[in-house]
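A short reminder: the numbers here are calculations on the coordinates, not readings from a lab. Not measured: the values here are computed from a predicted model. Please note: Cβ atoms are built from the backbone with ideal geometry, for glycine as well, and neighbour counts cover all protein chains shown.
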């Protein structure tokens, strides 16, 4: 807040850059009425929920993507000697509040889609929207932590983490009907990104999930998020114990 104009400009720039992704969807719908059987408001709902969840995770843990660089130049050692958890220090490293632009852009699309949708909103469906956004953010955070752990072991490989985080966000912006069953099984039972928004969002939209899962799994994202965070925490501790510095 010391440089308010700079903060406002960078936040708006972040908002505008992420908004270009949705402009691509709008361009597609200028040529078609449906994509994978879904209307524009329905895809906008998927986009808004995925973007909001990922934006929250990116704000809180996006700096973990630089773990590989810290390993390479030896500066991770500095975090090891400070009286604070290493994971928290890395997450706070070069914290960028301008990333809130991504969150606000996702929320704008989400609110618009919720108004435009032809959905009978019940109290359960209304409460499920913030629940899936928060749970989705927790799942993405777990992926950030697991990716940072892999970077410690591999001594880089930041792009592997980006494929699962930024790539996962891009994947979830589109309906599952445009993807093959093998990919859907992978993001449901292996890397459970489908619980970020697909499974609960399709319950809200009144559409079945392509893998014919029972409807009650729409309420499972909090449990999946807790499990993912627990696994990611264990993986992080194992990776950090095996850290050997640069050797210089």
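Before moving on, here are some points about what is shown:
- Residues of the range 88-99 that turn out to be in contact with a helix residue (DSSP H, G or I) (Cβ under 6 Å, 6 or more places away or on another chain) and surrounded by 11 or more Cβ atoms within 10 Å (Cβ to Cβ), as a count: 6
- Any chance residue 46 is over 12 Å from the mean Cα position of the chain (by Cα), at negative phi and buried (at least 18 other Cβ atoms within 10 Å of the Cβ): yes
- Exclusive hit being under 15 Å from residue 196 (Cα atoms) and out of contact with any strand residue (DSSP E or B) (no Cβ under 7 Å at 6 or more places or on another chain), set 37, 51: 51
- Of all residues in the range 173-206, those satisfying the criterion of being without any contact (Cβ under 8 Å) to a residue 40 or more places away in the chain, out of contact with any helix residue (DSSP H, G or I) (no Cβ under 7 Å at 6 or more places or on another chain) and either surrounded by 15 or more Cβ atoms within 10 Å (Cβ to Cβ) or not in a helix (DSSP H, G or I) (or both) are 179, 180, 186, 202.
- Candidates 170, 138, 142 - the one that is surrounded by fewer than 16 Cβ atoms within 10 Å (Cβ to Cβ) and under 19 Å from residue 188 (Cα atoms): 170
- Flag for residue 147 being within 11 Å of the chain's Cα centre (by Cα) and either in contact (Cβ under 8 Å) with a residue 24 or more places away in the chain or surrounded by 16 or more Cβ atoms within 10 Å (Cβ to Cβ) (or both): no
- Residues of the range 55-87 satisfying the condition of being touching a helix residue (DSSP H, G or I) at 6+ places or on another chain (Cβ under 6 Å) and either assigned to a loop (DSSP other than H, G, I, E, B) or more than 22 Å from residue 234 (Cα to Cα) (or both): 55, 56, 59
- Residue in the range 208-221 that is closer than 25 Å to residue 110 by Cα, free of Cβ contacts under 8 Å to residues at least 24 places away in the same chain and in a loop (DSSP other than H, G, I, E, B) present: yes
- Residues located in the range 1-40, provided they are assigned to a helix (DSSP H, G or I) and farther than 29 Å from residue 97 by Cα: 27, 28, 29, 40
- Being surrounded by fewer than 20 Cβ atoms within 10 Å (Cβ to Cβ), touching a residue at least 12 places away in the same chain (Cβ under 8 Å) and closer than 12 Å to residue 52 by Cα holds for only one residue in 117, 107, 132, and it is 107.
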